[in-house]
1. If you scan the stretch 8-30, which residues turn out to be in contact with a strand residue (DSSP E or B) (Cβ under 9 Å, 6 or more places away or on another chain) and more than 9 Å from the ligand (Cβ to nearest atom)?
2. Condition first: within 23 Å of Glu117 (Cβ to Cβ), open to solvent by 60 Å² or more (accessible area, probe 1.4 Å), near the ligand (Cβ under 10 Å from one of its atoms) and out of contact with any strand residue (DSSP E or B) (no Cβ under 9 Å at 6 or more places or on another chain). Now tell me which residues in the stretch 140-198 satisfy that.
3. Please state which one of Val91, Val109, Val87 is of a type in the set (Val, Ile, Thr), in contact with a strand residue (DSSP E or B) (Cβ under 7 Å, 6 or more places away or on another chain) and either open to solvent by less than 50 Å² (accessible area, probe 1.4 Å) or under 19 Å from Gly5 (Cβ atoms) (or both).
4. Give the residues of the stretch 94-106 that are open to solvent by 30 Å² or more (accessible area, probe 1.4 Å) and more than 16 Å from the chain's Cα centre (by Cα), sorted by residue number.
5. Can you confirm whether Leu128 is under 28 Å from Thr177 (Cβ atoms) and buried (at least 18 other Cβ atoms within 10 Å of the Cβ)?
6. Tell me yes or no: at least one residue of the stretch 60-68 is open to solvent by 30 Å² or more (accessible area, probe 1.4 Å) and within 16 Å of the ligand (Cβ to nearest atom).
7. Taking the stretch 4-34, which residues are open to solvent by 30 Å² or more (accessible area, probe 1.4 Å) and small (Gly, Ala, Ser)?
Amino acid sequence: MLRIGLTGGIGSGKSTVSRMLAARGAVIVDADLIAREVVAPGTPGLAAVVEAFGPQVRAADGSLDRPALATVVFSDPEARRRLDGIVHPLVRHRTAELVAQAPADAVVVNDVPLLVETDQASSYDLVLVVEADQETRVTRLVQRGLHEEDARARIAAQATDEQRRAVADVVLDNSGTPEELAEQVDRFWAEQVGSRPD
Ligand code: ATP
């Protein structure tokens, strides 16, 4: 098994790269998806979050009220730590389950937006970073429906390109067209994945 950690700032193209790698045969493990799954309605994860933060973080339909929870933890580092203490172990456990289900010779790509912020680079055989210049990311995020100020604030709250590059084995530049990105993914696959010894 080859374990690849895929990361990049918001709107850099992680999901796009994930899809390209999946098309080449990789098994994708999506950290954002898992983080939602472990607090889905009816889960012990949601029950634990409601117990810690009160019924106001549960929406009328029984799902987690993310804006309400965000308001609680936004300006309270201790609350943030408590939330992370509930969610992170559940995410780790579910991630390990999914990785264990992959075939022994699989190429497993973990899409982890906050890989650098949460200091996880050493968990992977290879760290793949996708980058796009900031204005391109803002334009793409706005096209996806985010307000420009929100896009800029979120970019500013994350690790910098330099911090991500410091842990990268390979950097993909997604400032150009999807075709240009696909060429880089092909090169990465040929040089770092396809040629690895079994
Ligand atoms: P997030 O951090 O929000 O999960 P992400 O890093 O997964 O984002 P994507 O969702 O892959 O990034 O890309 C962000 C947006 O930019 C999407 O709407 C996607 O379709 C678009 N996009 C990605 N790459 C390109 C490209 N090379 N040219 C044009 N649009 C692109």
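1. Those that are in contact with a strand residue (DSSP E or B) (Cβ under 9 Å, 6 or more places away or on another chain) and more than 9 Å from the ligand (Cβ to nearest atom): Leu21, Ala22, Arg24, Gly25, Ala26, Val27, Ile28, Val29, Asp30.
2. Once the filter is applied, which keeps residues that are within 23 Å of Glu117 (Cβ to Cβ), open to solvent by 60 Å² or more (accessible area, probe 1.4 Å), near the ligand (Cβ under 10 Å from one of its atoms) and out of contact with any strand residue (DSSP E or B) (no Cβ under 9 Å at 6 or more places or on another chain), the stretch 140-198 yields Arg140, Arg144, Arg154.
3. Values: Val91 fails: in contact with a strand residue (DSSP E or B) (Cβ under 7 Å, 6 or more places away or on another chain); Val87 fails: in contact with a strand residue (DSSP E or B) (Cβ under 7 Å, 6 or more places away or on another chain).
Result: Val109 is the single residue among Val91, Val109, Val87 that is of a type in the set (Val, Ile, Thr), in contact with a strand residue (DSSP E or B) (Cβ under 7 Å, 6 or more places away or on another chain) and either open to solvent by less than 50 Å² (accessible area, probe 1.4 Å) or under 19 Å from Gly5 (Cβ atoms) (or both).
4. Matches in the stretch 94-106: Glu97, Ala100, Gln101, Pro103, Ala104, Asp105.
5. Judged against the criteria, Leu128 is a match.
6. Yes, that holds for at least one residue.
7. Once the filter is applied, which keeps residues that are open to solvent by 30 Å² or more (accessible area, probe 1.4 Å) and small (Gly, Ala, Ser), the stretch 4-34 yields Ser15, Ala22, Ala23, Gly25.
The values are calculated or read from the model by the stated rules, or taken from the named source; none is laboratory data. In this text, all values refer to a predicted model and were calculated from it rather than measured experimentally. All Cβ positions, even for glycine, are placed from backbone atoms using ideal geometry, and neighbour counts span all protein chains on display. Side chains included, ligands, DNA and RNA excluded: accessible areas come from the protein's heavy atoms. Shrake-Rupley method; radii C 1.70, N 1.55, O 1.52, S 1.80 Å.
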